[in-house]
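The values are calculated or read from the model by the stated rules, or taken from the named source; none is laboratory data. The structure presented is a predicted model; accordingly, all values stated were derived computationally and were not measured. No Cβ is skipped: glycine too gets one built from the backbone with ideal geometry, and neighbour counts run over all protein chains shown.
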Amino acid sequence: MRRQRKARLWVAIEAAPERRDPPTVQTAARLRRDVIATLLARRRLLPRHAAAAEEIRTVHEAVGRGMFPTAQLVSGPAAGRGRRNAHDFLDRMSARERAAWERRYLPWTRALAGELAGALPGTRWLQLVIDIVVDNATLRETERRYRLRHGAALPWLRRGLESYGLEG
């Protein structure tokens, strides 16, 4: 009986027309556009910059994927491997994400982590780029946060994305 009820429920859910209400005016006003996509559309970034930013986001998300508790039990091939277990973030990465992490992301973060942006104390170049690319901070917000002059964040972002190492 239970199985039949569940099956009927799924049939009803799949058959129901998808109805989406548009956002209210207030919600639409609060929505934030993707900074990288906006800069690309305005031709302030090149497509190779946007590709690097997308890979940085992907790898950054993959690294942080297993950092918080989940309701699911993680099982799979990681369960029986030596010292590693399913809680290791490397085991949660796809082969593509892991290759990007090892070949480009790690060397890039090591190079940028020690560099100062604008020669201001405490303004790490890596964090400036991560704030814009991953956290979607606007250029103005970034300039205010790091006390950079107006217009200084974009060149730092471009150079940071160019140093990422994607070809093309």
If we ask which residues in segment 134-158 are in contact (Cβ under 8 Å) with a residue 24 or more places away in the chain and either in a helix (DSSP H, G or I) or of a type in the set (Phe, Trp, Tyr) (or both), their number turns out to be 7
Within segment 83-97, restricting to residues that are surrounded by 17 or more Cβ atoms within 10 Å (Cβ to Cβ) and modelled with pLDDT of 80 or more, the one that is nearest to residue 146 (Cα to Cα) is 97
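Residues checked against (1) at pLDDT below 70; (2) part of a loop (DSSP other than H, G, I, E, B); (3) basic (Lys, Arg):
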| position | (1), (2), (3) |
| --- | --- |
| 3 | yes, no, yes |
| 27 | no, no, no |
| 39 | no, no, no |
| 78 | yes, no, no |
Note on segment 116-130: residues surrounded by 16 or more Cβ atoms within 10 Å (Cβ to Cβ), at pLDDT below 90 and out of contact with any Ser or Thr (no Cβ under 6 Å at 6 or more places or on another chain) are 118, 123, 124, 125
Reported set for segment 133-168 where residues are buried (at least 16 other Cβ atoms within 10 Å of the Cβ) and of a type in the set (Asp, Glu) is 143
So, first residue free of Cβ contacts under 8 Å to residues at least 40 places away in the same chain and over 12 Å from residue 135 (Cα atoms) in segment 50-62, second residue in a helix (DSSP H, G or I) and of a type in the set (A, V, I, L, M), Cβ within less than 7 Å, six or more apart or across chains; the pairs are 50/36; 50/40
